[in-house]
Amino acid sequence: MALTGLRSHYPEIEPYDSGFLKVSDVHELYYEQCGNPNGNPVVYLHGGPGGGIGPIDRQMYDPNAYRIVLFDQRGSGNSKPPAELKDNTTWHLVQDIEELRKHLKIEKWVVFGGSWGSTLSLIYAQCHPNSVKALILRGIFALRRKELTWYYQDGANRLFPDFWENFLQPIPLVERADLISAYHRRLTGDDMKAKLECARRWSEWEMATSRLIVDKNLLSRTDSDTWVLQFARIESHYFAHGGFFHSENQVLDNVEKIRHIPCTIIQGRYDVVCPMDTAWELHKRWPEAEFKLIHDAGHSAKEVGVVSALIEATDKYKTL
């Protein structure tokens with residue numbers, strides 16, 4: 001992508017509506033709406049799982065054209081209770097998206113998701129294709145074992161050995177053959193000191209590796225005890241259980257069901273968290289989808305080339 005003419009975020013915006021939607025005996029989802037109440041509906045599916053939404057996530061869309069819906073998935077952000085794992089699976093989240101759509105009286109919407117949000121967007125669309133106008137996907141993640149092994153066992157550690165040392169530190173040598181399981185045991189255990197230390201180390205690893213250039217401001221997110229517990233507990237819960245998928249290749253094997261839906265795929269070439277080969281495989285299986293490779297970016301949605309491509313994509317679909 002050329003370095004000139006890059007798009008940047010739309011101006012800061014405040015919600016015109018927010019609230020909680022009770023989706024089970026356990027969980028209440030926080031949601032907010034921004035932009036034009038009569039505009040083209042778009043829903044933002046955040047990453048992690050467990051990452052939550054933030055103010056900048058409202059700024060990816062033309063506020064005059066879009067009715068922008070954002071929500072915190074179960075256990076994430078302002079949803080209640082925080083970091084709760086009970087009744088928290090991919091299939092619960094897919095159900096929640098539909099419940100929210102119906103609650104807001106939206107017929108169809110554009111679905112926007114990056115990283116884990118791309119996974120959830122794809123599965124939601126495969127389950128409810130008639131609810132989706134278009135898909136905007138970034139940093140493609142299919143939650144296959146090989147992707148998890150690359151990032152949490154042997155692969156990304158070779159590029160970031162300094163931060164990897166910190167990630168290994170809480171886990172005894174005898175347990176390091178399966179780090180996801182070792183972390184999951186501690187993050188779901190009763191020792192609060194060990195739980196918090198592991199939550200912070202887990203979160204620091206992802207924050208350190210998410211951008212092409214390590215961003216110390218991003219690392220500061222791990223200062224929050226609540227956020228690191230939400231992020232690390234929920235991620236390890238999903239990853240230790242294979243996303244609760246019916247099959248290892250669930251996401252890619254069901255692409256045929258949604259190839260009629262307009263879609264833009266955006267991928268940073270140097271994405272260490274969700275390496276490009278998964279996005280490339282999705283591109284090959286879905287040739288009708290627009291594929292944008294950002295040559296000077298890693299995983300983050302905040303890198304300039306990625307931001308520009310995402311905003312071009314939301315502009316493309318704003319009149320659907």
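So in the stretch 235-271, with the set limited to residues that are touching a Gly at 6+ places or on another chain (Cβ under 6 Å) and either of a type in the set (A, V, I, L, M, F, W, C) or crowded, with 18+ Cβ neighbours inside 10 Å (or both), which one is nearest to S203 (Cα to Cα)? I'd like the intermediate steps shown before the answer.
The first filter runs over the stretch 235-271 and keeps only residues touching a Gly at 6+ places or on another chain (Cβ under 6 Å), leaving 235, 268, 270-271.
Subset that is either of a type in the set (A, V, I, L, M, F, W, C) or crowded, with 18+ Cβ neighbours inside 10 Å (or both): 235, 268, 271.
Details: E235: 10, G268: 21, D271: 17 Å.
By that ranking, first place goes to E235.
Residue under question is I53, and the condition is that it be under 16 Å from the mean Cα position of the chain (by Cα), buried (at least 21 other Cβ atoms within 10 Å of the Cβ) and in the same structural domain as Q267 (by TED's automatic domain parsing); does it hold? Reasoning before the result, please.
Numbers: under 16 Å from the mean Cα position of the chain (by Cα): yes; buried (at least 21 other Cβ atoms within 10 Å of the Cβ): yes; in the same structural domain as Q267 (by TED's automatic domain parsing): yes.
Taking the combined requirement at face value, the residue satisfies it.
If I filter the stretch 124-143 down to residues being under 11 Å from V111 (Cα atoms) and β-branched (V, I, T), which single residue comes out as surrounded by the fewest Cβ atoms within 10 Å (Cβ to Cβ)?
Selected residue: V132.
Please work out which one of (1) under 30 Å from G189 (Cβ atoms); (2) touching a strand residue (DSSP E or B) at 6+ places or on another chain (Cβ under 9 Å); (3) not small (G, A, S) is the condition R138 fails and give its number.
Failed condition: (1).
Quick check on my filter: what residues within the stretch 23-41 are of a type in the set (D, E), out of contact with any Lys or Arg (no Cβ under 7 Å at 6 or more places or on another chain) and either surrounded by 17 or more Cβ atoms within 10 Å (Cβ to Cβ) or in a strand (DSSP E or B) (or both)?
Start the filter on the stretch 23-41 by keeping residues that are of a type in the set (D, E), which leaves 25, 28, 32.
Pick out the ones that are also out of contact with any Lys or Arg (no Cβ under 7 Å at 6 or more places or on another chain) and you get 25, 32.
Once the filter is applied, which keeps residues that are of a type in the set (D, E), out of contact with any Lys or Arg (no Cβ under 7 Å at 6 or more places or on another chain) and either surrounded by 17 or more Cβ atoms within 10 Å (Cβ to Cβ) or in a strand (DSSP E or B) (or both), the stretch 23-41 yields only E32.
Going by the structure shown, is S76 surrounded by fewer than 17 Cβ atoms within 10 Å (Cβ to Cβ) and of a type in the set (S, T, N, Q)?
Judged against the criteria, S76 is not a match.
Determine the pairs where a residue that is in contact (Cβ under 8 Å) with a residue 12 or more places away in the chain, located within the stretch 182-209, has a partner that is part of a loop (DSSP other than H, G, I, E, B) and surrounded by fewer than 19 Cβ atoms within 10 Å (Cβ to Cβ) with Cβ atoms under 6 Å apart, the partner being 6 or more residues away or on another chain.
Every condition considered, the pairs that remain are E197/P170; C198/P170; R201/P170; A208/V214; T209/F160.
Sort out which residues of the stretch 101-122 are β-branched (V, I, T), buried (at least 22 other Cβ atoms within 10 Å of the Cβ) and outside any strand (DSSP E or B), and write them in order of number.
Of the stretch 101-122, the ones β-branched (V, I, T) are 106, 110-111, 119.
So of that shortlist, the ones also buried (at least 22 other Cβ atoms within 10 Å of the Cβ) come out as 110-111, 119.
Hit for the stretch 101-122 is T119, nothing else.
Kindly indicate which of L320, L293 is more than 22 Å from E147 (Cβ to Cβ) and not aromatic (F, W, Y).
Working: L293 fails: more than 22 Å from E147 (Cβ to Cβ).
The conditions single out L320.
Would the stretch 169-176 turn up any residue that is assigned by TED's automatic domain parsing to the domain that holds A232 and under 22 Å from C274 (Cβ atoms)? I'd like the intermediate steps shown before the answer.
Looking only at the stretch 169-176, we keep the residues that are assigned by TED's automatic domain parsing to the domain that holds A232, and these are 169-176.
With the extra rule that they be under 22 Å from C274 (Cβ atoms), the set shrinks to none.
Taking every residue of the stretch 169-176 in turn, none turns out to be assigned by TED's automatic domain parsing to the domain that holds A232 and under 22 Å from C274 (Cβ atoms).
The values are calculated or read from the model by the stated rules, or taken from the named source; none is laboratory data. Given the structure is predicted, the values throughout are model-derived calculations rather than measurements. Quick reminder, even Gly has a Cβ in these numbers, built from the backbone with ideal geometry, and neighbours come from all protein chains shown.
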